[in-house]
Every structure is written in C-alpha cells, then in structure tokens.
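Working notes, beginning with the structure itself.
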Amino acid sequence: MHERGLAYTALGGLLAVFVAQALVASQSGAEPYPSLAMPGFHGGGVPATADLPVTAVMLDATTRDGRVLTIDPQDLLAGTPPATVVAVINYLYRDGRWNSAAPFPEASHWLPGRAITVARDRDTGLALRTRGWLRARLAARFPHLSIAAVRVRREIRRIRPEVRDPAADVTLGTLMLDAP
Amino acid sequence: MTRARLDRWLFETFVADAASLAVVRVLTGVVLLVSVFPRWLWVSALPEAAYHPPVGLALLVASPPPSVFYVTLNVVGMTGAVLLMLGMWTTAASLVVSAVLLLGNTFAYAFGKIDHDILLVLLPLAGAAAGWGHALGWRADATTGTTTGGRRWPLALFALLIALVMARSGHDKAFTGWLDPSRAAVRTHLLRDLPTGRTTGTARLALDTWPPALWEAADIAAVSLEVSFLVAVWWRRSWLTVLAAACVFHFANSLLFGIQFLWNPVAYGLFVPWATIAPTRGLVGHWPRVRRALPIVAVVALLLGMWRVGFGLVAVPATAAQAWLSDVVLLAAAAVLGAASLLHVTARAVRALRP
C-alpha cells in the first residue's frame with residue numbers, strides 16, 4: 001500500500017510540474033531551468049524553394065597599424081556551443097545597448113540572480129560594459145594582433161546561394177578598447 | 001482509464017530485469033566519460049555582462065561561479081560516472097551525477113541559451129530508482145537476466161515523462177507551422193544555422209538536392225514521431241517500436257542539424273531487455289570475468305577524463321570536436337540497433353498478415 005501511494009504521489013507530482021511549467025513558459029514566453037521540455041523549434045519560415053534573409057552580428061577589428069579585420073563571434077568564442085555564442089552576442093550588442101550615459105540599473109537583493117536579470121535586460125549601456133572583457137578575449141584568442149577598436153555590425157545575408165550587400169549592414173556601435 | 005488499468009500500466013507494463021538495467025548503467029557511465037564530461041569549461045570565456053539567469057536555482061546567485069567550480073563539478077561527475085560503470089555505490093553515484101549535471105547546467109544555461117538535455121539529468125535518478133545497481137556490480141555476480149530490478153513504477157513514470165516532453169515538442173511544432181504545406185520548417189532551420197557555422201556537410205547536401213516534397217515529408221515525420229510517443233507509451237510493444245524509430249530520428253538530426261541528443265537513446269535503453277539480445281548477452285554472461293579487468297578500466301578512464309579536463313581548459317575547441325565525433329559514432333550505433341528492431345517488427349507484422 002505504501003509503495004502504491006508513493007507511485008501515485010510521484011505520478012501526480014510529475015503531471016503537476018509538467019503542466020505548471022508548460023503554462024508558465026507559454027504565458028511568460030520565458031523558459032525556466034530545469035524544464036521538462038525538448039526543443040520546440042517553432043515553425044513558419046519560408047517555402048521549400050525560397051531563399052531566406054538571415055541576420056548575423058559580426059565584429060570589425062581595427063588594429064593599431066590601421067588594418068581592419070572581420071572577426072566572426074564564433075571564432076572569438078571558439079569552443080562555446082554555437083547557439084550559445086549567438087544568444088550571448090545578440091543579447092549584449094542589440095540595438096539600444098550603446099548609451100554611454102546610462103548608469104547600471106538599480107537592482108534589489110532579495111533574489112540576486114533575478115535582480116541581475118531584470119537590471120541587465122533594461123540596461124541601455126550594457127554593450128559598453130563589455131569593453132574590458134572584449135579586450136582580454138581578443139588578446140587571448142588573437143595574441144599576434146594589437147587591436148584598438150571594434151565595430152559591431154549587423155549584416156543580412158540572403159541564403160541560398162549566399163548573397164550579402166555590405167551597403168545594407170547596420171552599425172550597432174563601436175568599442176574603443178583603449179578607453180578605461 | 002480505470003484505476004485497475006492504470007495500476008496495470010504503472011506496475012506491470014515496464015518490468016525490467018536487473019541485468020538489463022545494469023547494462024544501461026554501465027553504458028551511461030561510458031557515455032558520461034566519453035561524451036558528456038568534460039563539460040561547461042567554456043563558461044569562463046563568456047562575459048559576466050551576459051549572465052542573466054532564467055527562473056531556476058541560478059536566481060539565487062548574482063554572478064556566475066569561477067572556473068574552479070566547473071573543474072570541480074567535472075571531477076566529481078567523472079568520479080560518479082566511473083562508479084556507475086563499476087557498479088560501486090550506484091545509488092549514491094547516480095544521485096551525485098544527476099546533482100552535478102543539474103548544478104552545472106543551471107549556471108551554463110544562464111547566458112541566454114538553454115539546451116534541452118533534461119533526460120540526461122534525470123536518467124541516473126530513474127535508473128537508480130528502477131534498480132540498475134542490482135546486477136553487474138563490483139562484488140555481485142552477474143544475474144541470469146531473470147531477476148527483476150527494483151521498483152517497477154519508476155520506469156513507467158520515466159516513460160511517461162519522455163512521452164510528455166516529446167509530445168510537447170511535437171505540439172509546439174504542429175501549432176507553429178510545421179504542418180503548413182506552404183512552409184518548409186526543417187529547411188528554414190537549416191538555413192538559419194548557416195551563419196553560425198555549425199551546418200553539417202549532410203545539411204548542405206540536403207539543401208542542394210532535396211525536392212520540396214521531401215522537405216515537407218521531413219516536417220510531417222518529425223511532428224508525427226514526437227506526438228506518437230504519447231500514444232505509444234501505454235503499451236510496451238508500441239513503446240519499444242517508437243523508441244527504435246526515435247533512435248533513427250536522433251541520428252538523422254545529428255547528421256542534418258549537428259545537434260546530438262545522445263542521452264535520449266541511452267535513456268530509451270532502460271526499456272530494452274538487453275540481457276536477452278545478442279549485442280549485450282555476452283557482457284552479462286561473462287561479467288564475472290569482465291569485472292576482473294574493471295580496476296584497470298576505471299583507473300584508465302579516470303586518468304583520461306582528468307587529462308581531458310586539463311586539456312579542455314587550454315584547448316576547448318579540440319575537446320568539443322572529440323565529443324562531437326564520439327556522439328556521432330554512438331548515435332550511429334543506436335540508429336543501427338533501432339533500424340534492426342524496426343525491421344524485426346515489420347517482418348513479424350508481415351508474417352502475422354500471411355494466411
């Protein structure tokens with residue numbers, strides 16, 4: 001009887017957690033972790049014969065001797081899962097993150113991780129706060145280059161065949177690495 | 001469903017023998033060592049400014065832990081994996097491995113991308129609850145395959161969990177356009193992957209050669225398979241058939257998308273009677289002799305693992321490439337077993353139809 005009760009309690013718990021997580025995720029649009037879910041890979045997209053415009057954030061590094069090199073964020077963070085690199089770069093350098101006057105938003109401390117998430121999501125100066133990290137990361141990955149500035153731009157590629165019009169690129173911002 | 005039928009499903013549908021469960025425990029240990037660990041070493045390369053944890057344990061911490069935290073987790077996790085392989089303190093080792101995976105993932109997924117490897121985290125817990133430590137142990141002799149494992153209902157619950165998560169994924173796809181004949185979802189996702197540089201050669205070949213009908217068929221097949229888990233979970237035979245098809249599906253996904261869900265086929269293994277089928281019957285039968293070599297295997301595995309952690313700290317890309325290769329090889333093996341099982345089921349059905 002004890003075993004049976006345990007089994008049914010576990011069954012009820014599993015169903016309750018599953019339904020609660022599915023509801024929270026569908027209402028808030030944010031997925032918790034751990035989550036009882038497999039990737040949804042939402043659909044839509046393009047017909048089977050059409051090409052697709054894809055955006056990508058790229059880094060143009062200017063060296064101290066005046067050369068300009070394009071660095072793919074995937075190379076900057078080689079070894080990190082590619083989808084994580086895309087998520088990180090898009091989060092840091094999206095539009096509205098380049099306001100140099102912005103103070104870091106105030107955060108409460110009753111749930112420090114939650115506070116930091118809310119503060120960073122609202123932070124209009126977040127991109128500029130990555131200057132020190134980017135300087136160190138570039139030095140570690142490309143020690144033979146002496147880089148003074150990095151222009152972060154969004155490009156649009158039409159795929160396939162892959163075609164890009166450089167004139168359509170959008171500069172998101174520029175980080176002067178020598179600045180404090 | 002009546003209470004009696006629910007009882008039957010919960011306590012009788014997924015009865016497994018101890019030796020078969022133990023085969024999966026040994027396999028889990030191997031996969032953890034070969035493919036899963038070392039893990040998370042790349043986190044220390046990410047900027048702290050990108051740390052913005054989702055709802056979960058990481059909400060309690062305002063910044064990601066230092067790299068020594070991930071190194072420690074890797075060492076503890078690999079030690080747990082070796083213990084699982086050896087069959088020593090299996091319940092404790094299972095709990096430790098699950099806890100390590102949960103903790104490491106909690107912080108690694110606080111940078112905006114959550115990987116859906118929940119079955120990997122829960123597999124050791126389900127295996128321990130089902131009794132995968134009752135055979136093929138360090139001290140115990142191999143069982144004959146007739147001894148049942150521990151409790152019966154954990155396997156039923158784990159099957160339901162797998163069915164629910166897969167069906168939820170299928171539901172999301174079905175209601176966001178995967179069944180729309182004017183849109184090709186699989187192709188669109190492959191195109192979107194191109195700028196990330198993770199596009200496989202198989203994907204490029206498919207993009208160049210597949211006709212529109214094949215793209216649509218791929219969309220429908222993915223949704224159908226994922227939803228069918230929830231239909232099949234109530235009967236053991238249909239469940240095993242869907243799991244066999246899913247092994248082929250995961251291998252196809254790894255070839256097309258370059259995403260490895262290796263732990264899913266390993267988790268499906270909990271439902272397979274390994275002690276009675278050819279590839280693993282020999283391992284069970286010869287376990288008393290096999291276990292004599294285990295101390296050497298354990299020492300080599302642990303040293304190799306530690307070397308990979310150390311190497312991973314200085315050469316993360318190389319470690320990731322090694323893991324990718326071992327994943328593909330193991331997924332291919334699972335796909336071969338799945339395809340063989342499907343052929344067997346088809347042949348049996350054809351024989352049954354004959355007058």
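The values are calculated or read from the model by the stated rules, or taken from the named source; none is laboratory data. Fair warning: this is a prediction, and the values are worked out from it, not measured in the lab. Cβ coordinates were reconstructed from backbone atoms using ideal geometry, including for glycine residues, and neighbour counts include every protein chain displayed.
Details
- Residues of the range B:179-191 satisfying the condition of being buried (at least 17 other Cβ atoms within 10 Å of the Cβ) and more than 7 Å from every other protein chain (Cβ to nearest Cβ): B:Val186, B:Leu190
- Qualifying residue in the range B:61-81 (condition: over 19 Å from the mean Cα position of the chain (by Cα), assigned to a loop (DSSP other than H, G, I, E, B) and either under 23 Å from B:Trp153 (Cβ atoms) or touching a residue at least 60 places away in the same chain (Cβ under 8 Å) (or both)): no
- Across the range A:37-87, the number of residues qualifying as part of a strand (DSSP E or B), among the aliphatic types (A, V, I, L, M) and farther than 19 Å from B:Arg187 by Cβ comes to 7.
This table checks each residue for (1) over 24 Å from A:Ala22 (Cα atoms); (2) more than 7 Å from chain A (Cβ to nearest Cβ); (3) among the acidic types (Asp, Glu).
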{"residue": "B:Ala167", "(1), (2), (3)": "no, yes, no"}
{"residue": "B:Asp193", "(1), (2), (3)": "yes, yes, yes"}
{"residue": "B:Ala203", "(1), (2), (3)": "yes, yes, no"}
{"residue": "B:Ala232", "(1), (2), (3)": "no, yes, no"}
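- Failed item in (1) touching a His at 6+ places or on another chain (Cβ under 6 Å); (2) assigned to a helix (DSSP H, G or I), with B:Asp219 passing the rest: (1)
- Restricting attention to the range A:124-172, the residues that are farther than 30 Å from B:Thr209 by Cβ and either within 14 Å of chain B (Cβ to nearest Cβ) or basic (Lys, Arg) (or both) total 26.
- Whichever residue in the range A:28-54 is facing chain B (nearest Cβ under 7 Å) and on the phi > 0 side of the Ramachandran plot and, among such residues, is surrounded by the most Cβ atoms within 10 Å (Cβ to Cβ): A:Gly45
- Failed criterion for A:Thr117 (all others in (1) of a type in the set (Ser, Thr, Tyr); (2) assigned to a loop (DSSP other than H, G, I, E, B); (3) within 23 Å of A:Val86 (Cβ to Cβ) hold): (2)
- Test result for B:Ser98, within 30 Å of B:Pro66 (Cβ to Cβ), part of a helix (DSSP H, G or I), within 14 Å of chain A (Cβ to nearest Cβ) and modelled with pLDDT of 95 or more: yes
- Looking only at residues of the range B:82-92 that are assigned to a helix (DSSP H, G or I) and either touching a residue at least 24 places away in the same chain (Cβ under 8 Å) or of a type in the set (S, T, N, Q) (or both), we find that the one that is nearest to B:Ser67 (Cα to Cα) is B:Val82.
- Hits in the range A:16-27 (condition: more than 8 Å from every other protein chain (Cβ to nearest Cβ) and surrounded by 12 or more Cβ atoms within 10 Å (Cβ to Cβ)): A:Val17, A:Val19, A:Ala20, A:Gln21, A:Ala25
- Check on B:Ala167, buried (at least 21 other Cβ atoms within 10 Å of the Cβ) and in a helix (DSSP H, G or I): no
- Residue within the range A:71-92 that is touching a residue at least 12 places away in the same chain (Cβ under 8 Å), surrounded by fewer than 16 Cβ atoms within 10 Å (Cβ to Cβ) and more than 30 Å from B:Arg204 (Cα to Cα) present: no
- For the range B:170-214, filtering for residues that are of a type in the set (S, T, N, Q), under 17 Å from A:Gly40 (Cβ atoms) and not in a helix (DSSP H, G or I) leaves 1.
- Top-ranked residue in the range A:44-75 [being of a type in the set (Gly, Ala, Ser) and touching a Leu at 6+ places or on another chain (Cβ under 8 Å); ranked as modelled with the highest pLDDT]: A:Ala61
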